[in-house]
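Chemist: For reference, the structure I am asking about is given below.
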Amino acid sequence: GAGVSQSPRYKVAKRGQDVALRCDPISGHVSLFWYQQALGQGPEFLTYFQNEAQLDKSGLPSDRFFAERPEGSVSTLKIQRTQQEDSAVYLCASSGSGLFLNQPQHFGDGTRLSIL
Amino acid sequence: EDKVVQSPLSLVVHEGDTVTLNCSYEVTNFRSLLWYKQEKKAPTFLFMLTSSGIEKKSGRLSSILDKKELSSILNITATQTGDSAIYLCAVLGGGSQGNLIFGKGTKLSVKP
């Protein structure tokens, strides 16, 4: 597609439920990133994929967060047993760069997650 | 700890004014600095800066990097109400595999 596509745009869940957020990157982009953006803050890194390999998951806040990109294209971020502090906008970004990371990241519109 | 600091955090100007937004960073293994504009949706890419002293320009927006001062500025001339947004500065560096380290952003409001 023309840009990074994320779904759903909004998600409301009850505390304790599992949620899955989808990201469809720009076609052909090698690198895919997930960020979490709290209200009034800049995005914070969660995890990074190069093709299907998850090269960095140091930003995932707990083992309730899991991300995958099994075929090197679409990615899913899953949050198990959601807590109120998980409420945030989850942004996905993709970049055409591989190892040398010399191309900018382009962001999707995000999924606004609200945990009740 | 790697960090990016933006100032001011918020700014209110009138149409036609010129504004300068600041970004400073402390990052190991600096590779590049990026500016994004965020309205209600996705951060939109503006500039990527890797070399010190070379100005990048796009219409009324321009930006420059100073590696000695570990900082960058984003200038907007003849501001318009459509420039109202949060401007995010991000740095690629550290021991990361490619994740950006973001500042908190500067919220710019342009009044008619």
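Chemist: Would you confirm whether any residue within segment B:95-112 is closer than 25 Å to A:Leu55 by Cβ, open to solvent by less than 70 Å² (accessible area, probe 1.4 Å) and in contact with a Gly (Cβ under 6 Å, 6 or more places away or on another chain)? First the steps, then the outcome.
Modeler: Step one: list which residues in segment B:95-112 are closer than 25 Å to A:Leu55 by Cβ, which gives B:95-103.
Next, only the ones that are open to solvent by less than 70 Å² (accessible area, probe 1.4 Å) stay: B:96, B:98-103.
Now drop any that are not in contact with a Gly (Cβ under 6 Å, 6 or more places away or on another chain), which leaves B:102-103.
Yes - at least one qualifying residue is present in segment B:95-112.
Chemist: Further question on the same structure: Among the residues of segment B:64-88, which ones are in a strand (DSSP E or B), open to solvent by 10 Å² or more (accessible area, probe 1.4 Å) and of a type in the set (S, T, N, Q)?
Modeler: B:Ser71, B:Asn75
Chemist: Kindly provide the set of residues from segment A:31-47 that are farther than 19 Å from A:Arg64 by Cβ, crowded, with 21+ Cβ neighbours inside 10 Å and at the interface with chain B (Cβ under 9 Å from one of its Cβ atoms), ordered by number.
Modeler: A:Ser31, A:Phe33, A:Gly42, A:Pro43
Chemist: Another question, then. Might you let me know whether segment A:96-106 holds any residue that is on the phi < 0 side of the Ramachandran plot and under 12 Å from the mean Cα position of the chain (by Cα)?
Modeler: no
Chemist: Note down all Cβ pairs under 6 Å where the first residue falls in segment B:27-55 and is open to solvent by 30 Å² or more (accessible area, probe 1.4 Å), the second is part of a loop (DSSP other than H, G, I, E, B), and they're at least six residues apart or on different chains.
Modeler: Correct list of pairs: B:Thr28/B:Gly94; B:Asn29/B:Gly93; B:Phe30/B:Gly93; B:Arg31/B:Gly93; B:Lys41/A:Asp109; B:Phe45/A:Pro104; B:Ser52/B:Lys67.
Chemist: Let me ask you something else. Go through segment A:48-75 and give me each residue that's among the hydroxyl-bearing types (Ser, Thr, Tyr) and open to solvent by 30 Å² or more (accessible area, probe 1.4 Å).
Modeler: A:Ser58, A:Ser62, A:Ser73
Chemist: A further question on this structure: Considering only residues of segment A:76-96 that are of a type outside the set (Gly, Ala, Ser), open to solvent by 30 Å² or more (accessible area, probe 1.4 Å) and not in a strand (DSSP E or B), which is nearest to the other protein chains (Cβ to nearest Cβ)?
Modeler: This residue is A:Glu85.
Chemist: Say we look at segment B:1-38 and pick out the residues that are in contact with a helix residue (DSSP H, G or I) (Cβ under 9 Å, 6 or more places away or on another chain) and not hydrophobic (A, V, I, L, M, F, W, C); which of these is nearest to A:Pro104 (Cα to Cα)?
Modeler: Among those residues, the one meeting the criterion is B:Lys37.
The values are calculated or read from the model by the stated rules, or taken from the named source; none is laboratory data. All figures in this text were calculated on a predicted structure; none of them were measured in a lab. When we count neighbours, we look across all protein chains shown, and the Cβ atoms used for this are built from the backbone with ideal geometry, even at glycine. Heads up: the accessible areas ignore ligands, DNA and RNA and are worked out on the full protein's heavy atoms, side chains in. Shrake-Rupley method; radii C 1.70, N 1.55, O 1.52, S 1.80 Å.
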